[in-house]
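The values are calculated or read from the model by the stated rules, or taken from the named source; none is laboratory data. Since we're looking at a predicted model, the values are computed, not measured. In this analysis, Cβ positions are derived from the backbone assuming ideal geometry, glycine residues included, and neighbour counts consider all displayed protein chains. The area values use the complete protein model at the heavy-atom level, side chains included, leaving out ligands, DNA and RNA. Shrake-Rupley method; radii C 1.70, N 1.55, O 1.52, S 1.80 Å.
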Amino acid sequence: IAPIDIAKIRADFPILHQEVNGRPLVYFDNAASTQKPQVVIDAISEYYSTINSNVHRGVHHLSQLATDAFELSRQKVKTHINAEHLHEVLFTKGTTDSINLLTSTMSQGFVKAGEEIIISALEHHSNIVPWQMLCEKTGAILRVIPMNENGELIMEEYKKLLNEKTRVVAFNHVSNALGTINPAKEMIALAHDVDAVVMIDGAQAVPHMDVDVQDLDADFYAFSAHKLYGPTGIGILYGKEKWLEELPPYQGGGEMIKEVTFEKTTYAGLPHKFEAGTPNIEAGVVLGTAIDYVNEIGLDNIAAYENELLQYGQAKLAEFENMRFIGQAKNKASVISFLLGDIHPYDAGVILDKMGIAVRTGHHCTQPIMKFYNIPGTVRASFSFYNTKEEIDLMVEGLRKVEQMLG
Ligand code: PMP
């Protein structure tokens, strides 16, 4: 593990060097979206300045350059998550789109009436609602793995839910609301024991840890570029070849066909079968740049430093007499969800913003978690490797102010 050169890293992120409400910006909303390093910003401009063109259909020079750059990025994703085949990496619009691709295609015969879909109590709405829609369409039944007070899934209950009717198990690798890291590898193995197919929502895992889809033995793995220091509008669905071959196409249109006649259309092979229409080419290309950037720092180094911030932040916040941590899993990513006395999280967030500190407040697209704790929402500080202990001290100072004003 190498130490993070924080001065050098912060210099890479131009947006961090500004004042908000007369104070230096402290950006602690990284679980919602991360900021972009200069190399990523430059790569966007470079794409439009030099090779912008449509992909996969042109014989001309620019189209070939754009296609090569787009496909090189697919290769970088493949290597990064250690997929076995390049065509197992599908470009989508983001995690939400990846999950909807899957539920939509699985609704067409893959999942049958009476079969069971297992999700978890920790899911983001985007890994709940699409499965509910699939259940409505197919007559499948939704089951939910419960969690304990610490915000950890209860493995004994999960084992009880698994049976020969279980068709799909879908859960997040890391919870965006609480930071809980789920024991994905063990959970996948248990699901495979009953021949269920597993989809992992990796939106919050990929930015913080080394993910190896073959080691996990995940059948599907979804994530978004914008949480990995890349652009919005692009994401990935990894899928094992045998499932992607078996599932029908998602959307119909250009790019995804082999031959079209009015009588019958045949579909393109992988990955194009699932990539109808012109993709977000620039964002696809630049995702590769973002991956290069985090790999230069090293995900193990990132994980170690972010854990240091987490431990420091938790210790500092624990000094408040009225601090209530929401979710205290043993295995946690750098997310702290909390409430200060009976101060409404929204009010705390507004006052922190006045002091230049960006946190997220509310239900974090996880209303069932808020219902579990019987709270309206939380204040959530989520750290990236460009954050510092000094910034955490500023948040603590801000929270003292919040307490004075509203406590
Ligand atoms: N799942 C998790 C765990 C998330 O944190 C998010 C983003 N907050 C999503 C899914 C949805 O990602 P996107 O909005 O990029 O599609």
Quiz item: Long-range amide H contacts for residue 254: which residues qualify at under 5 Å (H placed 1.01 Å from N, peptide plane, sequence gap of 5 or more or a different chain)?
Solution: 277
Practice problem: Give me the compactness ratio for segment 286-407, meaning the Cα radius of gyration over 2.2 N^0.38 Å. | Solution: 1.13
Practice problem: Determine Rg/Rh for segment 238-304; Rg is computed over alpha-carbon atoms and Rh is the Kirkwood hydrodynamic estimate from the same atoms. | Solution: 1.18
Exercise. Considering the convex hull of the alpha carbon atoms of segment 76-144, report its projected area averaged over all viewing directions, in nm², one decimal.
Key: 5.4
Quiz item: Quick one: Cα convex hull volume of segment 316-377, Å³ per residue?
Solution: 107
Quiz item: To the nearest 10 degrees, how steeply does helix 345-354 sit against the main Cα axis of the chain, on a 0 to 90 scale?
Solution: 80
Quiz item: Non-local amide H neighbours of residue 116 (under 5 Å, H modeled in plane, Pro and chain starts lacking H): which ones?
Solution: 141, 166, 167, 168
Quiz item: Can you list the HN-Hα couplings for segment 387-392, worked out from phi with the Karplus curve (6.51, -1.76, 1.60; θ = phi - 60°), rounded to whole Hz and with x for Gly and Pro?
Solution: 7, 9, 5, 4, 5, 5
Practice problem: Between beta-carbons, use under 14 Å as the cut-off and find the net charge around residue 289, counting Lys and Arg +1, Asp and Glu -1. | Solution: -3
Quiz prompt | FRET E, pair residue 311, residue 108, Förster distance 51 Å, beta-carbon r, rounded to 0.05 | solution = 0.60
Quiz prompt | Where the chain is the region considered: accessible area per residue in Å², 1.4 Å probe | solution = 42
Quiz item: Going by accessible area, probe 1.4 Å, with all protein chains left in place, what is the ranking of 115, 157, 246, largest first?
Solution: 246, 157, 115
Self-check item: Residues of type lysines that residue 160 reaches as a straight line, Cα spacing below 19 Å, ignoring anything fewer than 8 places off in the same chain
Solution: 185
Exercise. Anything over 25 Å Cα to Cα? Flag those among 137/165; 137/332; 165/264; 137/227, in the order listed.
Key: 137/332; 165/264; 137/227
Quiz item: Mean shadow of segment 1-103, computed from the convex hull of its alpha carbons, in nm²?
Solution: 10.5
Quiz prompt | Karplus-derived HN-Hα couplings along segment 266-276 (A = 6.51, B = -1.76, C = 1.60, θ = phi - 60°), whole Hz, x at Gly and Pro | solution = 10, 9, 5, x, 6, x, 5, 3, 9, 10, 5
Quiz item: Roughly speaking, to the nearest percent, how much of the chain's 1.4 Å accessible area is carbon and sulfur?
Solution: 51
Quiz item: Counting each DSSP H run of 4 or more residues in the chain as -39500 (n - 2.57), what helix-only mean residue ellipticity at 222 nm follows after dividing by all residues, to the nearest 500 deg cm²/dmol?
Solution: -11500 deg cm²/dmol
Quiz item: Mind checking the angle between helix 129-138 and the chain's longest principal axis? C-alpha axes, 0 to 90 degrees, to the nearest 10.
Solution: 40
Quiz item: How far is helix 95-106 tilted off the main Cα axis of the chain, in degrees rounded to 10, range 0 to 90?
Solution: 40
Self-check item: Radius ratio Rg over Rh of the chain, counting only Cα atoms, Kirkwood formula for Rh
Solution: 0.98
Quiz item: Over what distance in Å are the Cα centres of segment 314-357 and segment 225-300 separated?
Solution: 38
Practice problem: Percent of Cα-Cα pairs per 10 Å bin, from 0 to the last occupied bin, for segment 214-369, please list those. | Solution: 8, 22, 28, 21, 13, 6, 1, 0
